[in-house]
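Accompanying notes for the structure given below.
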Amino acid sequence: PRVLNVNVGVLGHIDSGKTALARALSTTGSTAAFDRAPQSRARGITLDLGFSCLRTALPPQMGPGPGELQFTLVDCPGHASLIRTIIGGAQIIDLMMLVIDVTKGMQTQSAECLVIGQIACQKMVVVLNKIDLLPEGKRQSAIEKMTKKMQKTLENTKFCGCPVVAVAAKPGGPEAPESENPLGISELIEVLKSQAYLPSRDPSGNFLMAVDHCFSIKGQGTVMTGTILSGSVSLGDNVEIPALKVTKKVKSMQMFHTPVTYAMQGDRVGICVTQFDPKLLERGLICTPESLHTIHAAIISLKKIQYFRGALQTKAKFHITLGHETVMGRVMFFSPAPADFNEEIKEDVFDFEKDYLYQEEYLSKDSNSSEENKENDQAGEVQLPRQQWALLEFEKPVTCPKLCLVIGSKLDTDIHANTCRLAFHGVLLQGMEDKNYSETFLPKLKVYKLKHKEGQVERVMDDYSVIGRSLFKKETNIQIFVGLKVKLSTGEDGVIDGGFGQSGKFKIRIPDGLKPDTKMLLTVASKKKSKAGKGDTTKEDESSKNDSVQPVTISLLFKRYVFDMQKKMIQS
């Protein structure tokens, strides 16, 4: 009979009782199960993704029987420093159980788990654990109250309306005798069965497996157990361990103690290879040879996580999790050019032909609108682009699949601070494998900044030219600005003609000539100036009139591409 496997992530705040719940549910332990790390047993805390499983009859929605439904319980660590591990496991979770201590309700990490769930998973069941701690008389009403509260919390998430089940996985706590029967577990199994669905599995594409345990068996070889994230694997295939640049042949395979010849995406499998020291790979990735790339930087499309407090700033550093690694990286945000803010979203490709606008921060409802975006504001509404991107530059190279989930977080935030430390999530669109990517690759990325300089007209030379000042510093080489268009505040268009004298002044040609009004304005202004300059004691009313003459300003607008080595100035 066939066995269908569904991966259930067991997530929750530290000490909410996840491991006890997994133990109460499961019947067959897998090798990585139940806290095998000694420091973890001592603290009673899960340190790694533990796996165990539970088998039950196939429910009707999963197709015609006979057959079994196997839930692989992925017990994800709850305390914050281990969020990296959770993100690692998130890609293979079909259904999530969020475990809540009924006496405490939502806690910081419960919220973070919820965020990860929304990014990585389609369905969720909330489990209110430790109901044995509630006094029997008030138990039912306390459970109902917490159930309502949880449903309210989930209202604006994709898990709105998900089932909430109350249990006591280990009545009496860890010290209680094993004879104490758990409460509510069979009801929970029924709910899990009702929520189970045939995950869409795809055997095509490159084989990629997350190994969570590696050990040797005498006379057999080394067994790597884990979950297949993508593709499939058959007996006799070559697989690469990219971190070690080693390729090995698959000698035998097992799924839950049964030999198999083939396994595909979503399956839990043990793969046996020969002549490989298990100490070299406790956990990590194995894959189709050459299918992963090692990158120094990447372009991703991204979204901010709504619970993250504070702005996402360009040049800031984040912990970036992609594939199975977490590294520090610096970000630079950019958006479409303002005219393209409403363009259709392109899912998995990045268009190098287009121009993009540099942003000091990720644009969101609460971000301070930058000058460039203000220009297309009608009613002071910040216009938000439908899609935004970031350039990530890693502190050390990362090995990951070509298209993968990326999560940015601030893991150095105080663990006990009640804030969500996950900042953004996105998809890797383009990795840069060349170490010298800033010379070989970045110039192809057309991200520009809009520059706006302002100066003033010093005096008129003749009907077709004026002298300007304060647009450039004294030491600027004005030659590179020659030929750029400027606009006077009185409406005339001009062209920078060259420097004038040594102090940063310059000459502007006005091809269509100065308007008579402008000429008058400038002549009056410079007369006043020269008069005042001669030290004539002018009458009071004259000097107050002098202040009211508005100087004529010159504005120069151009764009400059951030990665253009020549720093060319471009005007439309």
Inset, instruction - Could you calculate, for segment 218-359, the ratio of the Cα radius of gyration to the Kirkwood radius, expressed as Rg to Rh? - result: 1.10
Legend entry - Principal axes of segment 385-524: Cα extent on each, largest first, Å: 67, 40, 31
Legend entry - Per DSSP, loop chymotrypsin sites (Phe, Trp or Tyr not before Pro) in segment 235-325 with at most 15 further Cβ within 10 Å: Y307
Inset, instruction - Could you tell me which trypsin sites (Lys or Arg not before Pro) in segment 445-492 are loop residues by DSSP with no more than 16 other beta carbons within 10 angstrom of their beta carbon? - result: K473, K474
Legend entry - Distant-in-sequence amide H partners of K505 (H built 1.01 Å from N, under 5 Å): F500
Inset, instruction - Only Cα pairs under 8 Å and at least 6 apart count here; give the relative contact order of segment 208-287 as a rounded whole percent. - result: 41 percent
Legend entry - Computed over segment 266-342, Kirkwood Rh from alpha-carbon pairs, angstrom: 17.0 Å
Legend entry - Residue-count net charge about V331 - beta-carbon cut-off 13 Å; Lys, Arg +1, Asp, Glu -1: +1
Inset, instruction - Go through segment 428-442 residue by residue and turn each phi into a ³J(HN,Hα) via Karplus (6.51, -1.76, 1.60, θ = phi - 60°); whole Hz please, and just put x for glycine and proline. - result: 6, 9, 8, x, 10, 8, 6, 4, 8, 4, 5, 8, 8, 10, 4
Inset, instruction - Using the Karplus curve 6.51 cos²θ - 1.76 cosθ + 1.60 with θ = phi - 60°, work out ³J(HN,Hα) for each residue of segment 220-231 in order, rounded to whole Hz, and write x for Gly and Pro. - result: 10, x, 10, 9, 10, 9, x, 10, 7, 7, 7, x
Inset, instruction - Give the distance, in whole Å, between the Cα centre of segment 104-133 and the Cα centre of segment 166-193. - result: 18 Å
Legend entry - L557/E347 FRET efficiency (R0 25 Å; Cβ-Cβ; nearest 0.05): 0.15
Inset, instruction - Starting from the Cα of R509, step 7 Å along the direction of its Cβ; do the same at K158; then give the gap between the two resulting points in nm. - result: 6.0 nm
Legend entry - Over 23 Å between alpha carbons, listed pairs K396/K449; K451/K568; K251/K402; K218/K249; K451/K519; K123/K170: K396/K449; K251/K402; K451/K519; K123/K170
Inset, instruction - In whole Å, largest first, what are the principal axis extents of the Cα atoms in segment 208-287? - result: 26, 25, 20
Inset, instruction - Return the loop-located GluC sites (Glu not before Pro) in segment 123-163 (DSSP other than H, G, I, E, B) with at most 16 other Cβ atoms within 10 Å of their own Cβ; answer none if there are none. - result: E155
Inset, instruction - Using only Cα atoms, figure out Rg for segment 176-249 and give it as a multiple of 2.2 N^0.38 Å. - result: 1.69
Inset, instruction - Work the Kirkwood hydrodynamic radius out for segment 87-229: mean of 1/r over every pair of different alpha-carbon atoms, inverted, in Å. - result: 17.6 Å
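Quick note: the coordinates plus some simple rules give every number you see, no bench work behind them. Note that the structure is a prediction, hence the values are computed from the model and not measured. Note that we place each Cβ from the backbone using ideal geometry, even for glycine, and neighbour counts take in every protein chain shown.
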